1. Going by amide H atoms built from the backbone, whose H comes under 5 Å of the H on A489, apart from near neighbours?
2. Let me know the shape class of the chain, please: from the alpha-carbon gyration tensor, a ≥ b ≥ c as square roots of the eigenvalues, rounded when a/c is under 1.5, otherwise prolate if a/b is greater than b/c, or oblate.
3. Carbon and sulfur: what percent of the range 206-312's accessible surface (1.4 Å probe)?
4. Write down the accessible area per residue of the range 147-283 in Å², having rolled a 1.4 Å probe over the full set of protein chains.
5. In deg cm²/dmol, rounded to 500, what helix-only [θ] at 222 nm does the chain give when every DSSP H run of at least 4 residues adds -39500 (n - 2.57) and the total is split over its residues?
6. DSSP loop GluC sites (Glu not before Pro) in the range 464-540 with at most 10 other Cβ atoms within 10 Å of their Cβ, which ones?
7. Under a 1.4 Å probe, what is the accessible area of the range 321-485 per residue, stated in Å²?
8. Among the complete DSSP H segments of the chain, which ones combine at least 24 Å of alpha-carbon extent along their axis with a mean Kyte-Doolittle hydropathy of 1.0 or more?
Amino acid sequence: MKPQNKLAFAHIGVAIVAFALGAMVALMQALSRASLALPLRSARIFYISVTAHGVLMGLVFTTFFIMGLGYAFSRASLGRVTGERVAWASFWIAVVGTAVAAATILSGKATVLYTFYPPLQAHPLFYFGATGLVIGSWGWCGVMIASYRSWRKENPTPPVPLVMHGMLTTVIVWLLATAGLAVEVLVLILPWSLGLVKTIDPLLCRTFFWWFGHPLVYFWLLPAYAIWYTVLPRVVGGKLFSDNLGRMVFVLFILFSTPVGFHHQFADPGISASWKLAHTVTTFLILFPSLVTAFTLIASLELAARARGGKGLFGWVRALPWGQPLFSSVALAMITFALGGFGGAVNAAYAMNSMVHNTAWIQGHFHLTVGTAVALTFMGITYWLLPRLTGKELRLSAAASVQPYLWFVGMMLFGVVNHITGLMGMPRRIYDAGYGGSEIAARWAPWTAVSAVGGVVLFVSSALFVSVVVATLLYGRKIEEPEIAFAEALDAPANPVRGIWDRWPLWTAISVILVLAAYALPIAHHLMLHRFGSTGFKPF
Ligand code: CU
C-alpha cells in the first residue's frame, strides 16, 4: 500500500472491526427478542449486548469510517492531508478511547445503552473512553480544516470540490454537535460518575444529549450524501444534475441540523410546549434539503440510464448497473431512506410522536436510516475504495454483488416489522417480548419471529461483507490502484468562481446563532427552576 493511503485505510479498518463485533452481538439480540432459548440468554447479557451494539455501530463504526473517508477524499480532491502527525495522534487517541469504552461495556460495567441517559450510571472509564473517541474526532476536524485552508491559499478563486464541500459541512455539523456532548459529559456526567458530586439533573443531561444527538444523525448522513452526489453519478457513467443544488443542500444541513433536539424530548416534562413547537418547525425545515437531494440524484440517474440506452417513463431504471455493488448498495440505501423519511415525519409530528414514543417503531426507524441509508452506503463505498487504497483487486465479487440485496431484504423484514409491532404497542429495548404470557404481547409474537428472521439475514449479509474485505486484503491480486475520481456536474461553469455556498465562517456564525436561539432560553429557564437531582442507578 502506498504510504499516503495508510491513514484512510487504518480508520476504515477500525470501523470494519467495530462493525463485525456489532453485527455479532446484534444476531443474539434479534434471537433473544423472539424468545428463543439460547444458551447464556439473560437480561444482563442482553442489555450489555444492546449497549455494545449501539455504541459499536452508531458511534465507533460511523465515526471511524467517516474520518477515513474524509482523509481519502481530501487526498483525492485537494491533493493533500495537512497535518499527518496530528491525524495519526488523533487516530490513536480515538482507538485507545474506543478500546477502553468497549472493554468497560463488555465487562458489564457500563450497561447504559448508547444514549447513556442519567440516572443510569456507568463506570467512569466508559465516559473517559468515549471522550477519547470524541477528542480524536476533533483532531480529524482540525486536519480537515487545515487541509482546506492550505488548498485555499493556493487556489483563491475556485469553489472547493463538491466532495470536500460535503466533508467540510460534516466537520462543522460535528463540531456544533459535540459542543453539546462536551458539556453533558465533561461538566455534568464525569464529576457525578467520579463521585465528586452526589446527584445529577437527568433532564438537563437529556437536553444536551439531544443537542448532540440529532446533528449526530447528519454527521452520519452527510458523508453518505457526499458519496451519492459525487461518486454515484460517475459510477453509473453519468453526470451530477446540479452542483449548485448540492452545495445549497449541504449548507442547509449546517443551519438546521442542530436547533431541533426537542423532537426527541416531546414526552419529557419541564420543556414548554412552545419550545417543542419551535423545534418541530426547524425539524420540518430540514426535510427540504433531503427532498432536493432525492430530486437531484434521481435526475442524475435518469440522465445516465438514458445515455446507456434506457427508455420509457420508468423503463430506464433497468438500464442502471444493478449488479455493481456500489450502485446497488446506494440505490437500495436511497429506497430505504425514503421509507425511513416517512417514518421520520411521523416521529417529528408532536401528536403522532406520542403514538410511537419508546416503541419498537423507533428502533425500526433508525435501522432504516442510519442502519441502511448510511451503513449500506458505507459498505458499498468500501467495495469501491478498497482497490483504490490497497492496490488489490476485490475478491469474492459474487458475494459483494449479493450482499447489498440481502441487507435490503433483511432490513425490510427487521425494520419494517418493528414499525408494525411498535404501532401495536411493543416497547423498544425489551429483553423478552412475552410479558409473562400477556394476551396483548402474544399478538406481537408472530411479528417478532419475522424480525428475528430479518436479523439472521442481516447477519449473513454482514458476514459476507466482512469476508469480502478480509479475502481482498489476504488474497487480492495486485493491481495498479484505480483513480479516486468524482463526477462532473451538468451545470459546471467553464470558469468557476467560489460563491455564497463557500462562505464557511458566515454559515457557521449563522448556525451558532440559530443554536443559541433554540437552546439558550429553554436551558436558562430550566436552570432557574428548583431542580431535584438523582443519584446514579446500576440495574445490573
Ligand atoms: Cu432527531
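The values are calculated or read from the model by the stated rules, or taken from the named source; none is laboratory data. Since the structure is predicted, the reported quantities are computational estimates derived from the model, not experimental observations. A quick note on method: Cβ atoms are made from the backbone with ideal geometry, for glycine too, and the neighbour counts reach across all protein chains shown. Remember, those area values only see protein heavy atoms, side chains included, never the ligands or the DNA or RNA. Shrake-Rupley method; radii C 1.70, N 1.55, O 1.52, S 1.80 Å.
1. L240
2. rounded
3. 71 percent
4. 30 Å²
5. Computed mean residue ellipticity for the chain: -22500 deg cm²/dmol.
6. E480, E483
7. 39 Å²
8. 6-33, 84-106, 162-182, 287-307, 325-348, 439-475, 504-528
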